[in-house]
Amino acid sequence: MRFQRTIKNEVRFEGIGLHSGRPVRISLKPAPRDHGVIFFRKDRGIYIKASFQNVIDTAFATTIGVDGVRIRTVEHLLASLSGLCIDNILVEIEGPEVPAMDGSAIFFVEYILKAGIVNQAKKVTYLEVKRPFLYEEPGIRIMALPYRGRKLTYNLELPHGPLKKQAISIELNEETFLSHIAPARTFGFLKDVEYLRKNGLALGGSLSNAVVIDGEKVLNTEGLRFPDEFARHKVLDMIGDLYLAGAPIAGHIISWKSGHSSNIKFIKKLIASGSLEVMNEEPAERALPLKSLYLQ
Ligand SMILES: [Zn+2]
């Protein structure tokens, strides 16, 4: 079994919101056992629990909100907390969006590690997949299978661009998250940028916080951090979205082309299906090597 964990010290940083384009200050604060992950909009005085029940929008990012007060783009920070096994934390934000940083989770991970991680005197609760469950919508499928550990598989298919078919399978633990998933950046197509901006989104987006694809080319001069960076980023998003279940999910989650909207619908249906059971024993996290397949 594993004990619940929080951070040792408060840590503060700031960055630009990807969609709003405005600077946002953020503080990560230690929290007591059984507190969970809670956001606090400091400028509005509103607490928002990181729960699928508080998701109010999933267009281009996952947005949580309460009483008309929202926080956009929570997924990369949530993925960092899930990946580093932080169960209890208070995230204070002075604005409507978690900063984009470099489009990946690596800065959040570094700040959390800088704050330090401490065990708390209570066992962590897992949601264990007891029975197979399948969620489907046109073109998208997500499956949950019983598994002694936290494993994620993602199958990506892009309409065009380099490496349009990618698949990755990862045994999730602190080490695999840090080295294989956290550095993978947000990506998008140049043709979509204009559409996003017309809708008041991606105003803070640039080549310094996203991989931009134009036709068959990656526009970022430094290139990709991994040949399959896009599939890895999809896993990163999924880890963040799945943490909105309220506890780590023990099982193997396999996705075909899901995004924020389908990830959240999947969590709701999975919980409603009764396929999950609460358990206090840690799943054995097998140290299998990362498997990455290039289908095309
Ligand atoms: Zn993302």
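The values are calculated or read from the model by the stated rules, or taken from the named source; none is laboratory data. Bear in mind that the values here come from a model prediction, so they are computed numbers and not experimental data. Please note: Cβ atoms are built from the backbone with ideal geometry, for glycine as well, and neighbour counts cover all protein chains shown.
If only residues of region 165-181 that are in contact with an Asp or Glu (Cβ under 8 Å, 6 or more places away or on another chain) and charged (D, E, K, R) are counted, the one that is modelled with the lowest pLDDT is Lys165.
Sort out which residues of region 93-126 are among the acidic types (Asp, Glu) and surrounded by fewer than 19 Cβ atoms within 10 Å (Cβ to Cβ), and write them in order of number.
Those that are among the acidic types (Asp, Glu) and surrounded by fewer than 19 Cβ atoms within 10 Å (Cβ to Cβ): Glu94, Asp102, Glu110.
No other residue among Asp87, Asp102 is more than 16 Å from the ligand (Cβ to nearest atom) and outside the structural domain of Gly205 (by TED's automatic domain parsing) apart from Asp87. Within the option set Ala210, Ala231, Ala245, being of a type in the set (A, V, I, L, M), under 16 Å from Thr153 (Cβ atoms) and touching a residue at least 60 places away in the same chain (Cβ under 8 Å) holds for one residue only, Ala231. Residues in region 177-200 that are over 18 Å from Leu156 (Cβ atoms) and in a helix (DSSP H, G or I): Phe177, Leu178, Ser179, Leu190, Lys191, Val193, Glu194, Tyr195, Leu196, Arg197, Lys198. Within region 238-257, the set of residues being within 16 Å of the ligand (Cβ to nearest atom) and surrounded by fewer than 22 Cβ atoms within 10 Å (Cβ to Cβ) comprises just one member, Lys257.
Do we find a residue being within 15 Å of the ligand (Cβ to nearest atom), touching an Asp or Glu at 6+ places or on another chain (Cβ under 8 Å) and of a type in the set (Asp, Glu) anywhere in region 230-237? There is at least one residue in region 230-237 that is within 15 Å of the ligand (Cβ to nearest atom), touching an Asp or Glu at 6+ places or on another chain (Cβ under 8 Å) and of a type in the set (Asp, Glu).
Taking each residue of region 100-114 that is at positive phi and looking for partners that are part of a helix (DSSP H, G or I) with beta-carbon atoms closer than 9 Å, six or more apart or interchain, yields Met101/His76; Met101/Phe107; Met101/Phe108; Gly103/His76; Gly103/His233. Does region 240-251 hold any residues that are within 10 Å of Asn263 (Cβ to Cβ) and of a type outside the set (Gly, Ala, Ser), and which are they? If the condition is that a residue be within 10 Å of Asn263 (Cβ to Cβ) and of a type outside the set (Gly, Ala, Ser), then Asp241, Leu242, Leu244 are the ones that fit. Counted as qualifying within region 71-158 are the strands (runs of 3 or more DSSP E) with 1 or more residues that are closer than 21 Å to Arg2 by Cβ, over 16 Å from the mean Cα position of the chain (by Cα) and of a type in the set (Ser, Thr, Tyr), namely 126-129. Is it the case that Tyr195 is of a type in the set (Phe, Trp, Tyr) and at pLDDT below 85? Criteria met by Tyr195.
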